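Undergrad: Following this message is one structure expressed as structure tokens.
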Amino acid sequence: MAGSPAQVLQIDPKNELVFEGPFVDVVTSYIKLTNPLDRAVGFKIKTTVPKCYCVKPSNGYIEPHQSIEVAVMLQPFNYNAAEKFNHKFMIQSIIAPDDPRPTMEQLWKDAPRSKLMDSRLFCLLRLPEELLVEPSRDLVFEGPFVKPITSVIKLINPSSHNICFRITASSPDHFSITPSMGVLSAHGNSEISVVFHPNDFDLTAKNRERMLIQSVIASEGTDPKMDQTVLFKEGKVTDYYLKCVFKNTGIEERIEVSKHQVASSKPPHDVCMGKTDIEKLMAEISMLRQENAALKVIYLL
């Protein structure tokens with residue numbers, strides 16, 4: 001909610017709620033809510049997919065300096081690793097009014113929107129043999145894009161099996177990936193260097209760049225030097241996608257500096273006083289041309 005005050009509750013986990021399959025039975029994950037204040041705090045939990053989850057308790061009061069554990073139960077379903085699950089939870093809270101304490105229904109009915117605090121948790125659904133990927137959603141490349149930019153993917157194997165992986169970019173001409181494939185030993189991890197080459201890349205176009213991370217369980221004794229294409233052809237392959245995000249940091253600051261420089265070069269207002277209307281108009285056009293030229297230089301940097 002835009003403009004809402006900062007969340008007072010301490011929420012664990014902070015960003016992601018992990019559910020580990022197989023999803024043939026109910027899978028439960030937990031959220032711990034802690035109230036560090038000297039006053040009680042009311043809370044309620046909502047989800048974007050209420051038919052998929054059961055939450056207990058979904059609302060209530062947390063007494064001062066106390067914690068509660070919320071059970072979030074994912075109902076059984078047919079899991080497809082290739083499908084993207086955009087499940088989210090929102091935790092809303094409000095400082096409870098002084099006695100008499102209202103019912104939950106009355107509390108939220110009377111709650112001013114300006115007093116509501118909210119936090120969001122993303123849901124991560126995975127099978128035990130799937131790799132953990134960090135970052136889990138966006139692979140960020142920070143500009144200015146005048147030279148190759150590097151970002152890092154960390155792959156973690158939480159299972160007791162060796163797992164083969166390979167990584168491909170949707171635009172392979174613009175990315176270098178090292179290593180692009182390999183074998184992760186049981187409970188091992190690896191850092192992957194992804195270099196973005198901005199030459200001839202249109203950063204103003206709609207961004208659809210993705211990284212595809214594929215993994216497959218390797219049998220015991222798999223030789224890391226073997227032709228892994230055989231494993232990916234014959235084994236059960238899991239697909240994981242990362243969205244590439246390009247942040248051209250610094251351009252906003254340069255634009256502001258340019259605007260300041262252009263503004264400081266403008267003639268004083270009283271210089272135009274006493275001139276004819278045409279002279280005033282020509283002076284304004286000249287200033288606009290100066291500002292436009294300066295901004296063009298900034299965007300070409």
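Undergrad: Would you check if Pro128 is exposed (fewer than 15 other Cβ atoms within 10 Å of the Cβ), in contact with a Ser or Thr (Cβ under 7 Å, 6 or more places away or on another chain) and closer than 30 Å to Phe19 by Cβ? Let's see the steps before the verdict.
TA: Details: exposed (fewer than 15 other Cβ atoms within 10 Å of the Cβ): yes; in contact with a Ser or Thr (Cβ under 7 Å, 6 or more places away or on another chain): yes; closer than 30 Å to Phe19 by Cβ: yes.
Yes; evaluated as a whole, the condition is true for this residue.
Undergrad: Return only the number of the condition from (1) modelled with pLDDT under 95; (2) over 21 Å from Arg120 (Cα atoms); (3) touching a strand residue (DSSP E or B) at 6+ places or on another chain (Cβ under 7 Å) that Val24 does not satisfy.
TA: (3)
Undergrad: Another question about this same structure. Return the residue satisfying two criteria in turn: it lies in segment 18-71 and is of a type in the set (Val, Ile, Thr) and touching a residue at least 60 places away in the same chain (Cβ under 8 Å), and of such residues it is surrounded by the most Cβ atoms within 10 Å (Cβ to Cβ). Please lay out each step first, then the result.
TA: The initial filter retains those residues of segment 18-71 that are of a type in the set (Val, Ile, Thr), namely 18, 24, 26-28, 31, 34, 41, 45, 47-49, 55, 62, 68, 70.
Right, trim to touching a residue at least 60 places away in the same chain (Cβ under 8 Å) and you get 18, 31.
Working: Val18: 14, Ile31: 18.
Selected residue: Ile31.
Undergrad: Looking at segment 84-101, is at least one residue more than 24 Å from the chain's Cα centre (by Cα) and in the same structural domain as Asp200 (by TED's automatic domain parsing)? Full working, then the answer.
TA: Kept after step one, since they are more than 24 Å from the chain's Cα centre (by Cα), are these residues of segment 84-101: 94-101.
If we keep only those that are in the same structural domain as Asp200 (by TED's automatic domain parsing) as well, we get none.
Looking for residues that are more than 24 Å from the chain's Cα centre (by Cα) and in the same structural domain as Asp200 (by TED's automatic domain parsing), one finds none in segment 84-101, hence no.
Undergrad: What do you reckon, is Pro112 at pLDDT 95 or above and either outside the structural domain of Asn162 (by TED's automatic domain parsing) or more than 24 Å from the chain's Cα centre (by Cα) (or both)?
TA: Values: at pLDDT 95 or above: no; either outside the structural domain of Asn162 (by TED's automatic domain parsing) or more than 24 Å from the chain's Cα centre (by Cα) (or both): yes.
No: the conditions fail for Pro112.
Undergrad: Consider Ser160 against the criteria (1) out of contact with any His (no Cβ under 8 Å at 6 or more places or on another chain); (2) within 29 Å of Asp12 (Cβ to Cβ); (3) among the small types (Gly, Ala, Ser): it satisfies all of them except one. Which criterion is unmet?
TA: Going through the list (1) out of contact with any His (no Cβ under 8 Å at 6 or more places or on another chain); (2) within 29 Å of Asp12 (Cβ to Cβ); (3) among the small types (Gly, Ala, Ser), Ser160 breaks only (1).
The values are calculated or read from the model by the stated rules, or taken from the named source; none is laboratory data. Quick caveat: nothing in here was measured; it's all calculated off a predicted structure. Here Cβ is always computed from backbone atoms with ideal geometry, including for glycine, and neighbour counts include all displayed protein chains.
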